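The values are calculated or read from the model by the stated rules, or taken from the named source; none is laboratory data. Keep in mind that this is a model prediction, so the values were computed, not measured. Neighbour counts run over all protein chains shown; Cβ positions are idealised from the backbone, glycine included. These area figures cover heavy atoms from the full protein model, side chains too; ligands, DNA and RNA do not enter into them. Shrake-Rupley method; radii C 1.70, N 1.55, O 1.52, S 1.80 Å.
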Amino acid sequence: VNSAIYIQDSWTMGRLTLNPGLRFDRFVMSIPAQSAPAGRWVPAREFPEQKNIVNWNSLSPRFGFAVDLFGNGSTALKGGVSRYDRLAGVNLVQPLNLRNIAFQTCPWDDTNNDLRAQNDEIGFTRCSGSLLPSLGGVDPDLKRPFQWEYNVMVQRQVGARTAVMVGYSGRRFWDLYTTVNDAVPTTAYTPVTITNPLTSQPMTVYNQDPATRGQVRNVLKTIPELRQYYNGVEFQVNTRFTKGTVFAGL
């Protein structure tokens, strides 16, 4: 369930125009109760409901402004600061779905050469894999990733029909998450310094505690150290003609 409400306004004070806004988002993901009929390899199954796997509520302020710098409508300074939540879909909770895809690989000996896999021709005791899905998890403290976007630009009219613009745009991403193996703590890794064979410089690698090898429990977790940044500069030229427009940008 994804629901939201948004309010905004516009205020003009002389040569300055302000556009404040505020958005509230509520995002809840659950898995309903399910059933599956019996198949050739498995009996009929019932799966219970899983409620509120994620339950996020967030407020996202947005603010924009525009200034007529010289009061003659030829030069404008525009900009803003806005917060945006990351869109999320079913891929977030699909690893927890008990009806997720699972498979086994089993040897088959076609003894009667009919190219059909009969039950007595399949080596069930020698199968690899499991018909139970390999479930991951979602950390109960998982946060919704978001970004702050900043932009500022100067637009100038040159002549009667041409406008030029230069602008800056920046983004900062927070509360990013990734899949971690929660069965193996960071304390299970011991740093070891070796010599890089390519550069002959010291390099740190990590030895995993042998007692934890093979242990897997994948969990989606918010990692505070994860960061993403974007910085960009844009140039535009726009010229209007009687029957058309020519524009270019970099």
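Taking the criterion of being assigned to a strand (DSSP E or B), open to solvent by 50 Å² or more (accessible area, probe 1.4 Å) and within 30 Å of ASN72 (Cβ to Cβ), would at least one residue in the stretch 19-41 satisfy it? It would help to see each step written out before you state the result.
Start the filter on the stretch 19-41 by keeping residues that are assigned to a strand (DSSP E or B), which leaves 19-31, 34-36.
With open to solvent by 50 Å² or more (accessible area, probe 1.4 Å) added as a condition, the list becomes 19, 22-24, 26, 30, 35.
Remaining after also requiring within 30 Å of ASN72 (Cβ to Cβ): 19.
Looking for residues that are assigned to a strand (DSSP E or B), open to solvent by 50 Å² or more (accessible area, probe 1.4 Å) and within 30 Å of ASN72 (Cβ to Cβ), one finds at least one in the stretch 19-41, hence yes.
In the stretch 217-232, the residues that are in contact (Cβ under 8 Å) with a residue 60 or more places away in the chain and farther than 19 Å from GLU149 by Cα form Cβ pairs under 8 Å with partners that are loosely packed, with under 12 Cβ neighbours inside 10 Å and among the β-branched types (Val, Ile, Thr), at six or more places apart or across chains, as follows: LEU220/THR178; LYS221/THR178.
So which residues in the stretch 64-89 are hydrophobic (A, V, I, L, M, F, W, C), over 29 Å from PHE24 (Cα atoms) and open to solvent by 40 Å² or more (accessible area, probe 1.4 Å)?
Kept after step one, since they are hydrophobic (A, V, I, L, M, F, W, C), are these residues of the stretch 64-89: 65-67, 69-70, 76-77, 81, 87-88.
From what's left, over 29 Å from PHE24 (Cα atoms): 69-70, 76.
Across the stretch 64-89, the qualifying residues are LEU69, PHE70.
Is there any pair linking a residue in the stretch 136-152 that is among the hydrophobic types (A, V, I, L, M, F, W, C) to one that is open to solvent by 60 Å² or more (accessible area, probe 1.4 Å), with Cβ under 6 Å and at least six apart or on different chains, and which? Close Cβ pairs (under 6 Å, with a partner that is open to solvent by 60 Å² or more (accessible area, probe 1.4 Å)) amount to PHE146/TRP174; VAL152/TYR168.
Of the numbered criteria (1) touching a Phe, Trp or Tyr at 6+ places or on another chain (Cβ under 6 Å); (2) modelled with pLDDT under 95; (3) open to solvent by less than 80 Å² (accessible area, probe 1.4 Å), the one ASN2 fails is (3). When PRO61, PRO48 are screened for being open to solvent by 30 Å² or more (accessible area, probe 1.4 Å) and more than 18 Å from ASP175 (Cβ to Cβ), only PRO48 passes.
Being out of contact with any Lys or Arg (no Cβ under 8 Å at 6 or more places or on another chain), within 30 Å of GLY232 (Cβ to Cβ) and open to solvent by less than 30 Å² (accessible area, probe 1.4 Å): is that true of LEU92 here? Let's see the steps before the verdict.
Details: out of contact with any Lys or Arg (no Cβ under 8 Å at 6 or more places or on another chain): yes; within 30 Å of GLY232 (Cβ to Cβ): yes; open to solvent by less than 30 Å² (accessible area, probe 1.4 Å): yes.
Taking the combined requirement at face value, the residue satisfies it.
The residue that is modelled with the highest pLDDT, counting only those in the stretch 194-250 that are in a loop (DSSP other than H, G, I, E, B), of a type in the set (Val, Ile, Thr) and over 30 Å from GLY136 (Cβ atoms), is THR199. Taking the criterion of being basic (Lys, Arg) and closer than 30 Å to GLY80 by Cβ, the residues of the stretch 1-41 that qualify are ARG15, ARG23, ARG26.
Residues that are closer than 30 Å to ASN57 by Cα number at least 3 in the following strands (runs of 3 or more DSSP E) confined to the stretch 87-173: 146-158. Filtering the stretch 134-158 to residues that are over 29 Å from VAL81 (Cβ atoms) and of a type in the set (S, T, N, Q) leaves only SER134. On the given criteria, is ASN52 modelled with pLDDT under 95 and on the phi > 0 side of the Ramachandran plot? Yes: the conditions hold for ASN52.
Just so you know, in the stretch 163-202 the residues that are touching a residue at least 40 places away in the same chain (Cβ under 8 Å) and of a type in the set (Val, Ile, Thr) include one that is most open to solvent (accessible area, probe 1.4 Å), and it is THR179.
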